[in-house]
Amino acid sequence: MQEVRRVISAIVMNESSVLARVSGLFAGRGYNIESLTVAPIPNSDLSRITIVTKGNQRIIEQITKQLNKLISTLKVIEHEEMVEKEMVLIKFPASEHLSDIQALCHAYNGGIVNAGENIIIAMAADESKRIEHFIEASQRYNPLEIVRGGIVAIER
Amino acid sequence: MKMSGAQMVCEALIAEGVTTVFGYPGGAIMNVYDAIYKQNGFEHILNRHEQAAVHAADGYARATGKVGVAMVTSGPGFTNAITGLATAYMDSIPMVVISGQVPLSLIGTDGFQEVDAVGISRSCTKHNYLVGSIEDLPRIIKEAFYIANSGRPGPVLVDIPKDITAEYGVFNYPAEVNIPTYRPVSKGNDRQIKKAVDAILESKKPLLYVGGGVVLGNASDLVREFAKLTQIPAVETLMARGVMGSDNPLLLGMIGMHGNYASNMAMSETDLIISLGARFDDRVTGKLSEFAKYAQIIHIDIDPANIGKIVDVDYPIVGDVNDVLQKMTSQLVGTVNPDRYQAWREILARYDELHPLSYNDSDEVIKPQWAIQRIGEMLGKKAIITSDVGQHQMWAAQFYPFDRPRQWINSGGLGTMGFGFPAALGAKRGVPEKTVVNITGDGSILMNMQELITAAEYNIPVINVILNNNFLGMVRQWQTFFYDKRYSATDLSFQPNFKALAEACGGIGYDVATKKEFDEAINDAIKQNKVCFVNVAVHRFENVLPMVPAGGALYNMLLEHKDQ
Ligand SMILES: Cc1ncc(C[n+]2csc(CCOP(=O)(O)OP(=O)(O)O)c2C)c(N)n1
Ligand SMILES: [Mg+2]
């Protein structure tokens, strides 16, 4: 069976052990995690966990079923039609051209978030593929540090 | 009403209708034990090892269908309980285990006897809780019982820090649970059911594949009725022995690695598997690419994750097997023509004539299969049979005439040696009117033999029949077949004196070497009504057959009995 990439969102109770339950499930059953983000859902006692995974159809189906089976899971959304975004923060030396970096960021839904005496911090939020392009393009400004945020997704 | 957390635990158990708790005390759970001392709503049985306490609660649950309850302390008490939890988890047994934990303020400090119980048990419980405040305690216990015994059942752990059992609070036991994230499905989808019924009507070689879920769901009567109406033959998994009844003409036998020839051939040739609460375990399917190659599959299961996990399914039906079977049966009344499957039944009957389940009996030495058949003749329906793990377990599953569900209790999923004796204690406490026989091996029995003391102290008369082959027989069998007879670490000829061992603990011991002695010992054991070891010297090199070698196709069975 062919491997596919999937973004799966699990809506879970916002309680202390829930992330361990989810990540333990992936580790214990040998499922792959490419990216995982978690944050509380506003005005509720729920959290949203967004996982990017890879596997054949049987495995993807098992992942959604096993996630659903956790007592703390309210629902699992596995959709091909998801709008996905990822964020990245990049630190540059202040000796680089601020305006060039700014222009680059604009092309990727971003901007300068901090400019100090020694460093410039820039951000971008875009699809993962485009974030990769952004990181590539940023190389020419000698980045000091790159922090990727993991994927968040919402159904179309 | 204000009371301590410890009292709340007792009150909650009583409210849940618990009459027997198996356990072992220690520092972190002492408050609860103090409250147990002061109450008389339930009995506490002091097993002599936490693993045994959990297996006893498990055996109780399997025999009665009620939730089994065990109680242990933190740290080593809890880690000893893990094998019990994993055993129950693999076989979907409803159980609540309550463990003590170090006080909240000490959690995370490597306190004395601190271990991360919820962390360790996450993957072998259906759910687990670390109680964070006394306000949550009654609700959590209520939820634990509900989760354990609804949907696909399973063990639930409630880990309670010591300061919470000491604290006082208001006890309001909730009448109902409300867990918005947990809504097990019970009704099958009508459209799917209709399609499945049509597939049954169109098939020529349908087969009922009956699993442990039928026992757990108390659906045996419906399965028998369904089979009778349709005249569709059935195979049972290791966990489903007793569902169809041993004298049911439609029962072919047990399926899988040590299934009989007709059952495994039926699975290999059927054109429609009707799977009822079974999960296509690798010990059942053999080599997957060769498994049931000609079959469409109707898979009925309460756990959606079981469906499509191992094999592709044509008619998935998520739901309670009772609901689904009732609907299917009513649609088949008047539409199904049992004659349609006549030719198929004849083929299978011929397979069974060709290679019936058999063994070569002997007058010189007791054959283990004979011993089991003999217990069947002597006790039949009157007994509940538990077992440990190994050859004796497979022979018991093959040769005992099981007549009803919950008559056969064994660790099928995890295969836990040491399960049988404590599980037998639990079963006997749960169903005292039955004779409880643990069919065990000379290896397995030693893994929880301390339970002799428990059985003697509480007068729980369990008959342990040790089929003593001086070997870790099942492993030895694999060494014989697949490792050129290199008997690495399986020879148990250095033996304890089993008779003396039983007697040293207040039980009775019998040494048996002939059929006559066997009958005498079993009869005496029934009469004496005390815990006992019947140590039966059996043929050392007997093998469990048929056997599908691991990874082989189900239809490629080793069949012949050659005496070694
Ligand atoms: C706790 C545990 N350890 C190891 C095993 C592996 N194992 C499976 S069967 C078996 C031999 C059991 O020997 P015995 O109880 O004498 O039964 P027999 O096969 O001889 O009837 C062993 C070691 C197991 N199933 N459980
Ligand atoms: Mg043995």
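The values are calculated or read from the model by the stated rules, or taken from the named source; none is laboratory data. Source: prediction; values computed, not measured. Please note: Cβ atoms are built from the backbone with ideal geometry, for glycine as well, and neighbour counts cover all protein chains shown. To get the accessible areas, we keep the full protein, side chains included, count just its heavy atoms, and leave off ligands, DNA and RNA. Shrake-Rupley method; radii C 1.70, N 1.55, O 1.52, S 1.80 Å.
Values computed for the structure shown
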| item | result |
| --- | --- |
| Degrees separating the helix A:128-138 axis from the principal Cα axis of chain A, which is the longest one | 20 degrees |
| Calculated FRET efficiency for the pair B:Leu104/A:His97, C-beta based, R₀ 41 Å, to 0.05 | 0.15 |
| Peptide-level mean, for B:116-122, of C-beta atoms on other protein chains within 10 Å | 2 |
| With every protein chain in place, the protein assembly as shown: carbon and sulfur % of accessible area (1.4 Å) | 51 percent |
| Dipole in debye (nearest 20) - the protein assembly as shown, about Cα centre, beta carbon charges: Lys, Arg +1; Asp, Glu -1 | 900 debye |
| Table column - 3J(HN,Hα) (Hz), the range B:209-219, Karplus curve with 6.51, -1.76, 1.60, x for Gly and Pro | 10, 9, x, x, x, 5, 5, 4, x, 6, 10 |
| Table column - 3J(HN,Hα) (Hz), the range B:132-137, Karplus curve with 6.51, -1.76, 1.60, x for Gly and Pro | x, 7, 5, 4, 7, 4 |
| Per-residue SASA entry for B:Tyr146, accessible area with 1.4 Å probe, Å² rounded to 10 | 90 Å² |
| Size of electric dipole in chain B: Cβ of Lys, Arg +1 and of Asp, Glu -1, about Cα centre, debye, nearest 20 | 680 debye |
| Rounded FRET efficiency, nearest 0.05, which uses the C-beta distance separating B:Ala349 from B:Ala504 and R0 of 35 Å | 0.10 |
| Solvent exposure ordering (accessible area, 1.4 Å, most first) of B:Lys527, B:Lys327, A:Lys85 | B:Lys527, A:Lys85, B:Lys327 |
| Selected from B:Ile366, B:Ala396, B:Pro304, residue furthest toward positive end of dipole (chain B; charges at beta carbon) | B:Pro304 |
| Accessible surface, 1.4 Å probe, highest first, among residues A:Glu15, B:Glu364 | B:Glu364, A:Glu15 |
| Pair B:Tyr483, A:Ile146: separation of 7 Å Cα→Cβ label points (nm) | 5.1 nm |
| Whole-angstrom gap from the range B:150-186 to the range A:89-156, using each part's C-alpha centre | 48 Å |
| Amide H partners (placed H, <5 Å) of B:Ala553, local residues excluded | B:Lys287 |
| Electrostatic dipole magnitude of the range B:145-195 [Cβ: Lys, Arg +1; Asp, Glu -1; Cα centre; debye, to 20] | 680 debye |
| Pairwise FRET efficiency - B:Ser133 versus A:Arg29, Cβ, R0 = 30 Å, nearest 0.05 | 0.40 |
| Accessible area that becomes buried as A packs against B, both chains, 1.4 Å probe, Å², nearest 100 | 1400 Å² |
| The protein assembly as shown - share of DSSP beta bridges that are antiparallel (%, nearest 5) | 40 percent |
| Accessible surface, the protein assembly as shown, averaged per residue in Å² (probe 1.4 Å) | 41 Å² |
| For the protein assembly as shown, with +1 on Lys and Arg beta carbons and -1 on Asp and Glu, the positive-most of B:His539, B:Leu332, B:Ala521 along the dipole | B:Leu332 |
| Taking chain A and dividing mean pair separation by its residue count, relative contact order in percent (alpha carbons under 8 Å, at least six apart) | 27 percent |
| Tensor-based shape of chain B (alpha-carbon gyration tensor, a/c under 1.5 rounded, otherwise prolate or oblate) | oblate |
| Amide H partners (placed H, <5 Å) of B:Ser362, local residues excluded | B:Lys367 |
| Listed residues A:Arg29, B:Arg486 arranged by accessible area, highest first, probe 1.4 Å | B:Arg486, A:Arg29 |
| Cross-link pairs beyond the 19 Å C-alpha cut-off, checked among B:Lys204/B:Lys228; A:Lys69/B:Lys194; B:Lys499/B:Lys530 | A:Lys69/B:Lys194 |
| When each of A:Lys75/B:Lys142; B:Lys66/B:Lys428; A:Lys54/B:Lys309; B:Lys516/B:Lys562 is checked by Cα-Cα distance, pairs over 21 Å | A:Lys75/B:Lys142; B:Lys516/B:Lys562 |
| Cα shape, the range B:2-170, gyration tensor, a/c 1.5 rule | rounded |
| Karplus-derived 3J(HN,Hα), 6.51/-1.76/1.60, for each residue of the range B:527-540, Hz, glycine and proline x | 5, 5, 6, 9, 5, 8, 10, 9, 8, 9, 6, 10, 3, 6 |
| Virtual spin-label span in nm between B:Lys381 and A:Arg156, 7 Å along Cα→Cβ | 6.5 nm |
| Computed label-point distance, nm, for sites B:Asn248 and B:Glu520 using a 7 Å Cα→Cβ extension | 4.0 nm |
| Global form of the range B:190-354, assessed from the alpha-carbon gyration tensor, a/c cut-off 1.5 | rounded |
